[in-house]
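Trainee: Here it is, the structure, as structure tokens.
The values are calculated or read from the model by the stated rules, or taken from the named source; none is laboratory data. These figures come from a predicted structure and were not determined experimentally. Here Cβ is always computed from backbone atoms with ideal geometry, including for glycine, and neighbour counts include all displayed protein chains.
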Amino acid sequence: MLQIYNTLLRRKETFKPINPGHASIYVCGMTVYDFCHIGHARVLVVFDMVTRWLRASGFEVNYVRNITDIDDKIIKRAIENNETIGSLTNRFIKAMHEDADALGVLPPNFEPRATQYIDAMQGMIGRLIEKNIAYQADSGDVNFSVREFPGYGKLSGKSLDDLEGDRVIIVGDKKDPLDFVMWKSAKTDEPEDTRWNSPWGEGRPGWHIECSAMSCELLGYHFDIHGGGADLQFPHHENEIAQSEGVHRNFNDEGESSDPQYVNYWMHNGHVRVNNEKMAKSLGNFFIIRDVLKKFDPEVIRFFILRAHYRSPVNYSDATLEEAKQGLERLYNSLSGVAFVQNLEQTLSNEVALQSSTWYVRFKEAMDDDFNTSEAIAVLFELSTEINRSKATHQVDEQLVLQLRYLGAQLGLLQRPVQEFLQGEILGISVKEIEDFIQERILAKKNKDFVMADKIRKDLLVLGVILEDQPGGITVWRKE
């Protein structure tokens, strides 16, 4: 049975979907005013892994990952660039899709943009005003009244007293320093494409109401899983709960309700850190995905992210990516020089046998334990070792090869032709020239000219080409 660590209850729980056989999941996506960094890559890859495993476990998954295409940062950047909001956001949405595709991230079922759901946001805000959980201030802003919502702080574990101590200054004309804005009144210096008509005057939505509206419109007021980065737990996800449950739940004087809660399972992935500090644009210590791709294969980045448990923080550096590269090469090398199925679809006739193996059982146990990819990848390495042992005896066990490819596919790994990954791009020498040198070296060894054979190996190594002699007189090469 699949166990998920539920941030709301701070423990693992057996996953019991609202509708048997179906899983609904909403993940907070990108705010598109700049290129995505490695921290964003972790969100993309982690929840791609989650949805892949849910589907592999037999669930029909409805996966929604939103795009925030209107907020303060977007407006500021558009003004700085002297371009329209639409021009800016479309450009970075395209870039985000390119990054996601490179990382092997499958598209979600729905990818709503905030600007497409303004009416839904206004509907929720209006309902909250009717229920006296929200109010319009003299400034024109519409604020959520935190103290009017029972249970505020249940996701983050923060009490109102704690929060009040953190916010001693009343901003603007809020009734309470804890209140947060849901509708921002238009500012005279902001462009026309940043404002919409509303019952409260021209303006635009606050960040928190965007996700409440999009998730509830596409998945309903009660759905299975809500995910995002750990930094969103408070205040963003806390405020989402307050808004969404404020609309659809009715509470008695004791703060109790018989109506279903907004979300059953809350999942948060850990931070990517640089020198043990959270990676963030605000800290200036972030690394753009497309810059990292200039140095490392995208599958290496995916492997780097998945080799750690999704809830654990990970430290980013060239050294840790080099370690990931070496680990992934080890897996691919075990497939090198052996005949194996190129297309995963061709293994479907073997799927029953593959899923009945002890390898699959152990892999499944790891994945069902709160998506423990670290333990699941350990199974891949053990399989790799067994394949190498069988290669040494010149009796390659094809079932082991299929098993490694099949389990790798559950994580979006090990699906490329082996040599394509291992060889990569070599500068200064063509693939044909490398192959010619290999044949020349084979001939030199045959003629017992080991000095020449050794020279060819060393010359290629200088160019970044590593030769590996395998049983049966086979020589394969890979990029250093």
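Trainee: Could you list all residues from the range 112-143 that are more than 19 Å from T194 (Cβ to Cβ), in contact with a helix residue (DSSP H, G or I) (Cβ under 9 Å, 6 or more places away or on another chain) and surrounded by fewer than 19 Cβ atoms within 10 Å (Cβ to Cβ)?
Mentor: Residues satisfying the conditions are G123, R127, K131, N132, Y135, Q136.
Trainee: Filter the range 77-115 down to the residues that are basic (K, R) and free of Cβ contacts under 8 Å to residues at least 12 places away in the same chain and list them by number.
Mentor: R91, K94
Trainee: Kindly provide the set of residues from the range 369-419 that are among the β-branched types (V, I, T) and crowded, with 16+ Cβ neighbours inside 10 Å, ordered by number.
Mentor: Within the range 369-419, the first condition is being among the β-branched types (V, I, T), and the residues that meet it are 373, 377, 379, 385, 387, 393, 396, 401, 418.
Within the range 369-419, T373, I377, V379, I387, V396, V401, V418 qualify.
Trainee: Restricting the search to the range 105-157, which residues are over 17 Å from P235 (Cβ atoms), touching a Leu at 6+ places or on another chain (Cβ under 7 Å) and of a type outside the set (A, V, I, L, M, F, W, C)?
Mentor: P112 - this is the single residue of the range 105-157 that is over 17 Å from P235 (Cβ atoms), touching a Leu at 6+ places or on another chain (Cβ under 7 Å) and of a type outside the set (A, V, I, L, M, F, W, C).
Trainee: Right, next: So in the range 124-147, with the set limited to residues that are without any contact (Cβ under 8 Å) to a residue 24 or more places away in the chain and outside any loop (DSSP other than H, G, I, E, B), which one is farthest from W207 (Cα to Cα)? It would help to see each step written out before you state the result.
Mentor: Residues of the range 124-147 without any contact (Cβ under 8 Å) to a residue 24 or more places away in the chain: 129-130, 132.
Filter again for outside any loop (DSSP other than H, G, I, E, B), leaving 129-130.
On the way: I129: 18, E130: 21 Å.
So the residue we want is E130.
Trainee: Another one. Could you grab me the full set of residues in the range 103-123 that are part of a helix (DSSP H, G or I) and not small (G, A, S)?
Mentor: Passing the criteria: T115, Q116, Y117, I118, D119, M121, Q122.
Trainee: Within the range 156-173, is even one residue outside any loop (DSSP other than H, G, I, E, B) and within 14 Å of I125 (Cβ to Cβ)?
Mentor: no
Trainee: If you don't mind, another one. Looking only at the range 415-459, count every residue that is more than 20 Å from A102 (Cβ to Cβ), modelled with pLDDT of 80 or more and of a type in the set (V, I, T) and tell me the total.
Mentor: Selection size over the range 415-459: 5.
Trainee: Residue check, I70 against (1) in contact with a strand residue (DSSP E or B) (Cβ under 7 Å, 6 or more places away or on another chain); (2) closer than 27 Å to V292 by Cα, all met but one. Which one?
Mentor: Looking at each condition in turn, I70 falls short on (2).
Trainee: Residues that are closer than 19 Å to G270 by Cα, modelled with pLDDT under 95 and surrounded by 18 or more Cβ atoms within 10 Å (Cβ to Cβ): does the range 39-62 have at least one?
Mentor: Within the range 39-62, one or more residues are closer than 19 Å to G270 by Cα, modelled with pLDDT under 95 and surrounded by 18 or more Cβ atoms within 10 Å (Cβ to Cβ).
Trainee: Let me ask something else. What number of residues within the range 104-134 are of a type in the set (F, W, Y) and in contact with a Phe, Trp or Tyr (Cβ under 9 Å, 6 or more places away or on another chain)? Step through it out loud before you land on a result.
Mentor: First pass over the range 104-134, keeping only residues of a type in the set (F, W, Y): 110, 117.
The next check asks that each one be in contact with a Phe, Trp or Tyr (Cβ under 9 Å, 6 or more places away or on another chain); those that pass are 110.
Qualifying residue count, the range 104-134: 1.
Trainee: For the range 22-62, how many residues are touching a strand residue (DSSP E or B) at 6+ places or on another chain (Cβ under 6 Å), more than 25 Å from V274 (Cβ to Cβ) and in contact (Cβ under 8 Å) with a residue 12 or more places away in the chain?
Mentor: 11
Trainee: Still on this structure: Test of understanding: among A41, A23, which residue is in contact with a Pro (Cβ under 6 Å, 6 or more places away or on another chain) and not assigned by TED's automatic domain parsing to the domain that holds I288? Quick ask: steps written out before the conclusion?
Mentor: Details: A41 fails: in contact with a Pro (Cβ under 6 Å, 6 or more places away or on another chain).
On inspection, the qualifying residue turns out to be A23.
Trainee: Related question: State whether one or more residues within the range 191-209 are within 30 Å of F59 (Cα to Cα) and in contact with a helix residue (DSSP H, G or I) (Cβ under 6 Å, 6 or more places away or on another chain).
Mentor: Within the range 191-209 (the criterion being within 30 Å of F59 (Cα to Cα) and in contact with a helix residue (DSSP H, G or I) (Cβ under 6 Å, 6 or more places away or on another chain)), the answer is yes, since at least one residue qualifies.
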